[in-house]
Amino acid sequence: IQGHADLMVDLARASPEGLPGKLDQIRDKIARNMARIRQIVDGLKIFSHGNSAGEALQKIDLREVVEESLALTTSVCSQRDVRVKWAPPARGSAVALGIKVQVEQVLVNLIGNAAHAVAPLPERWVEVRVEHGGGEARIRVIDSGRLTDPAVISKLMTPFFTTKSPGEGTGLGLSMSYRMLERMGGSLKFCEGAEHTEFLVTLPTAE
């Protein structure tokens, strides 16, 4: 939000021609980000106190959810030169029950973590896959790394545990994601024994 506000000031100083249209676009981005912040804060309240508002699960298109999550993590991936691999299913072919903004927040966290983890590697990629069937929907977030340390794996979902440097992570992302998915009737698992680092998100379907 601060970045968009600074950009508005820079445009006002340097580019009077076409300025109203550009400012309108930035204003819209700021409004969308503010709405998203409000939704995330609501999600944090649910994480802390339960779904007191009784928010009902809704049908969500997983292709749309993944693509919006990838859009939100474009910057973190590009800054680290991380290639994103994503083969979208047909629109409407993978529908789950969930709370859209919370599922997006889970994916943003997983993709961001993956991009951060593979940044030092010579081969840097993150892949997202969507699967559907057997009464559940599955989203896999895989990266080019390989996490094998059992001491780290055993603490992945523990609040405040992080492998990032001080100031770079709160250690709440995975534990919050785990709890939000659990309350939606889904799950978050680390796939031990996989060829690469892989997390599996499951959600119920309407079938």
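The values are calculated or read from the model by the stated rules, or taken from the named source; none is laboratory data. In this text, all values refer to a predicted model and were calculated from it rather than measured experimentally. Cβ placement follows ideal geometry from the backbone for every residue including glycine, while neighbour counts extend to all protein chains displayed.
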Checklist entry - What about GLU68, is it under 28 Å from ILE37 (Cβ atoms) and either of a type in the set (Asp, Glu) or in contact (Cβ under 8 Å) with a residue 40 or more places away in the chain (or both)? => result yes
Here the residues within the stretch 117-136 that are buried (at least 19 other Cβ atoms within 10 Å of the Cβ) and closer than 19 Å to LEU174 by Cα are ALA117, VAL118, VAL126, VAL128
Taking first residues from the stretch 180-195 that are touching a residue at least 24 places away in the same chain (Cβ under 8 Å) and second residues anywhere that are of a type in the set (Gly, Ala, Ser), the pairs with Cβ under 7 Å that are 6 or more apart or on different chains are MET180/GLY43; LEU181/SER187; MET184/GLY98; GLY186/GLY98; LEU188/SER177
Within the stretch 123-158, the residues that are without any contact (Cβ under 8 Å) to a residue 24 or more places away in the chain and part of a strand (DSSP E or B) are GLY133
Checked the stretch 70-106 for anything small (Gly, Ala, Ser) and surrounded by fewer than 12 Cβ atoms within 10 Å (Cβ to Cβ); matches are ALA71, ALA87, ALA90, GLY92
Exactly one of GLY167, GLY171 is in contact with a Ser or Thr (Cβ under 6 Å, 6 or more places away or on another chain) and either modelled with pLDDT under 70 or farther than 18 Å from GLY98 by Cβ (or both), and that one is GLY171
**Prompt:** Is it the case that some residue within the stretch 101-117 is without any contact (Cβ under 8 Å) to a residue 60 or more places away in the chain, within 20 Å of ALA206 (Cα to Cα), out of contact with any Leu (no Cβ under 9 Å at 6 or more places or on another chain) and assigned by TED's automatic domain parsing to the domain that holds ASP149?
**Reply:** no
